[in-house]
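A.B. asks: Have a look at the structure that comes next, please.
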């Protein structure tokens with residue numbers, strides 16, 4: 001009977017025979033999948049299958065440790081291993097791979113049992129794996145995290161961000177395998193973009209190992225060495241052959257041709273290949289021996305309902321008194337510290353901006369719950385995605401211009417994975433002021449508007465910020481909360497008391513009537529609510545017969561009935577935002593009103609319509625036509 005080998009011992013003849021049979025059967029499944037689908041990536045699947053067979057059979061089957069495959073296009077290899085282990089149905093896999101309605105998508109997906117994080121765009125998976133390795137050390141579990149990536153993938157800048165992060169945090173429980181087949185999509189590694197992969201990892205502070213990626217004994221020894229190494233993450237550079245083990249493919253791999261990177265064999269070609277790979281009765285009998293000794297029973301991945309409540313201590317809300325002039329980011333920092341003090345699974349991540357984004361208080365008071373990623377926004381967001389599947393609630397903070405542009409792909413992949421990442425961006429809109437147009441995020445809300453599992457929010461003042469931060473911590477899903485840089489007064493009721501007081505309860509999509517009226521609805525978001533209130537006071541003096549209703553909009557993506565009833569009453573709508581109107585409130589709210597079949601007498605949108613230069617926030621608001629005087633003037637013309 002098959003036994004599970006110890007890392008401290010060499011593999012026996014029986015162990016090797018099992019792996020040869022297991023890998024051969026996986027190769028057969030890979031070709032059968034692609035033959036049926038006439039689509040897919042055989043080359044890298046075949047070059048990495050020997051390592052994956054070893055890893056899953058002799059380690060993961062017993063420990064159930066985390067594995068993230070960063071080069072998600074080698075899904076045929078991963079799925080074939082899971083099928084041999086009876087985690088998934090081999091028959092269904094081969095029949096439906098890449099077909100309509102199948103969970104077996106072309107790239108690694110969490111819909112498949114045994115897959116922890118879905119990947120596709122290169123560079124993202126290794127960051128998620130680093131996040132999980134950090135979490136395992138934080139929880140003191142002594143568990144390892146394994147990841148696999150392609151050699152061409154090292155060209156991605158995010159990979160280098162991850163390298164430095166893993167070295168800084170001494171993630172010696174992170175073991176990364178690089179499938180060094182020296183071939184990428186369009187040609188050889190050498191002709192496309194030559195890299196000294198070992199030198200790059202070594203310079204970043206990693207423990208670097210080399211192995212023949214098709215020699216089980218060498219691979220096993222490398223895993224033993226990696227497991228024993230301390231203080232540094234380990235990379236195993238496995239020298240492999242694209243298309244290994246399949247006649248008609250292996251020779252092109254040896255010649256470093258990219259023929260089979262993403263090309264399925266024709267049906268008749270596949271038939272010849274399958275005949276060579278068809279496992280014998282004896283080999284099938286060998287493979288069966290792994291099933292009774294498996295300890296790993298992967299659970300189905302959870303997809304909690306968006307906005308469902310997460311068990312959490314939300315602390316005591318802070319109330320900023322009337323007359324207080326402050327910024328939303330400071331209120332965010334205070335709320336985050338309170339949450340972190342009450343919940344050790346809340347962590348704050350930032351990219352060399354802790355003072356600006358106000359996570360410094362967490363860093364100073366709870367250093368174990370503050371993760372400094374350096375100037376590495378892409379890694380930070382993917383790392384947070386990995387953390388969110390490790391019983392952590394990560395808050396990632398940087399400037400809006402960086403979070404929604406530079407790290408959008410990473411946020412998009414998190415969105416596909418149904419992660420639970422809280423993205424809080426400061427320095428948004430013209431509020432940034434003197435930093436100029438490169439830092440004035442005026443398209444950031446629109447950047448995330450099309451993400452199906454990400455909620456977007458903009459608070460109106462410090463009090464609402466406090467409530468919103470506590471809300472997103474305690475409700476499942478990805479959130480993007482934007483806020484500016486400048487200070488402004490808290491919003492008050494007509495009696496002068498804070499509008500967002502301790503009795504105020506936030507819910508996603510909530511809109512609030514700040515001032516009641518009957519002639520015109522001003523729908524404002526963020527700091528523009530304060531500008532609208534200034535305009536309201538101006539109009540009371542200059543045009544007292546004009547009855548204005550001010551409605552604060554917290555999300556440009558979700559609206560409750562309050563704003564609908566207001567517009568149905570006034571029939572006139574003016575939207576105001578510190579954002580461009582083409583992918584912001586000026587577009588989404590009128591579209592929402594239209595769906596409610598409300599005929600408006602007039603509608604106008606004020607927003608940023610061109611890049612601004614440097615200046616004070618109030619100067620830029622006036623120059624862009626979104627200051628209080630412009631709001632008042634627009635009301636008289638509606």
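The values are calculated or read from the model by the stated rules, or taken from the named source; none is laboratory data. Nothing here was measured: the structure is a model prediction, and the numbers come from that model. Here the Cβ is made from the backbone with ideal geometry for all residues, glycine too, and neighbour counts use every protein chain on show.
A.B. asks: Does residue 534 satisfy the criteria of being surrounded by fewer than 24 Cβ atoms within 10 Å (Cβ to Cβ), over 23 Å from residue 565 (Cβ atoms), touching a residue at least 24 places away in the same chain (Cβ under 8 Å) and not assigned by TED's automatic domain parsing to the domain that holds residue 418?
C.D. replies: yes
Yes or no, residue by residue, for (1) surrounded by 20 or more Cβ atoms within 10 Å (Cβ to Cβ); (2) touching a residue at least 60 places away in the same chain (Cβ under 8 Å); (3) in a helix (DSSP H, G or I):
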residue	(1), (2), (3)
317	no, yes, no
330	no, yes, yes
336	yes, yes, yes
339	yes, yes, yes
364	no, no, yes
378	yes, yes, yes
385	yes, yes, yes
396	yes, no, no
413	yes, yes, yes
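A.B. asks: Starting from residues that are out of contact with any strand residue (DSSP E or B) (no Cβ under 7 Å at 6 or more places or on another chain) and at pLDDT 95 or above, keep the ones in the range 599-611 and report whichever is nearest to residue 562 (Cα to Cα).
C.D. replies: The qualifying residue nearest to residue 562 (Cα to Cα) is 607.
A.B. asks: In the range 283-300, what residues are surrounded by fewer than 16 Cβ atoms within 10 Å (Cβ to Cβ), closer than 21 Å to residue 24 by Cα and in contact with a helix residue (DSSP H, G or I) (Cβ under 8 Å, 6 or more places away or on another chain)?
C.D. replies: Residues satisfying the conditions are 284, 289, 293.
A.B. asks: Moving to a separate point now. Of the numbered conditions (1) within 21 Å of residue 313 (Cβ to Cβ); (2) in contact (Cβ under 8 Å) with a residue 40 or more places away in the chain, residue 486 fails exactly one; give the number of that condition.
C.D. replies: (1) is the only condition that residue 486 fails.
To keep it simple, each residue is scored yes or no on (1) within 23 Å of residue 153 (Cα to Cα); (2) not in a strand (DSSP E or B).
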{"site": "237", "(1), (2)": "yes, no"}
{"site": "242", "(1), (2)": "yes, yes"}
{"site": "272", "(1), (2)": "no, yes"}
{"site": "276", "(1), (2)": "no, yes"}
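A.B. asks: From the list 311, 367, pick out the single residue that is modelled with pLDDT under 95 and under 26 Å from residue 140 (Cβ atoms).
C.D. replies: Just one listed residue meets the conditions, 311.
A.B. asks: Scanning the range 246-260 for residues that are surrounded by 17 or more Cβ atoms within 10 Å (Cβ to Cβ) and under 17 Å from residue 28 (Cα atoms), which turns out nearest to the chain's Cα centre (by Cα)?
C.D. replies: Taking the candidates together, the pick is 260.
A.B. asks: Quick one: would you say residue 472 is more than 17 Å from the chain's Cα centre (by Cα), buried (at least 20 other Cβ atoms within 10 Å of the Cβ) and within 30 Å of residue 110 (Cβ to Cβ)?
C.D. replies: It is false that residue 472 is more than 17 Å from the chain's Cα centre (by Cα), buried (at least 20 other Cβ atoms within 10 Å of the Cβ) and within 30 Å of residue 110 (Cβ to Cβ).
A.B. asks: Same structure, new question: What number goes with the only condition from (1) under 22 Å from residue 298 (Cα atoms); (2) in the same structural domain as residue 117 (by TED's automatic domain parsing); (3) more than 29 Å from the chain's Cα centre (by Cα) that residue 32 does not pass?
C.D. replies: Residue 32 satisfies every listed condition except (1).
A.B. asks: Check off (1) in a loop (DSSP other than H, G, I, E, B); (2) buried (at least 24 other Cβ atoms within 10 Å of the Cβ) for residue 43 and give me the number that stays unchecked.
C.D. replies: Unmet condition: (1).
A.B. asks: Here's a check for you: in the range 450-469, which residue that is under 15 Å from residue 408 (Cβ atoms) and touching a helix residue (DSSP H, G or I) at 6+ places or on another chain (Cβ under 6 Å) is surrounded by the most Cβ atoms within 10 Å (Cβ to Cβ)?
C.D. replies: Here the residue is 456.
A.B. asks: Please indicate, with yes or no, whether at least one residue in the range 156-169 is over 26 Å from residue 108 (Cα atoms) and surrounded by fewer than 17 Cβ atoms within 10 Å (Cβ to Cβ).
C.D. replies: Among the residues of the range 156-169, at least one is over 26 Å from residue 108 (Cα atoms) and surrounded by fewer than 17 Cβ atoms within 10 Å (Cβ to Cβ), which makes the answer yes.
A.B. asks: Being assigned to a helix (DSSP H, G or I) and without any contact (Cβ under 8 Å) to a residue 40 or more places away in the chain is the filter; apply it to the range 543-586 and report the residue that is surrounded by the most Cβ atoms within 10 Å (Cβ to Cβ).
C.D. replies: So the residue we want is 586.
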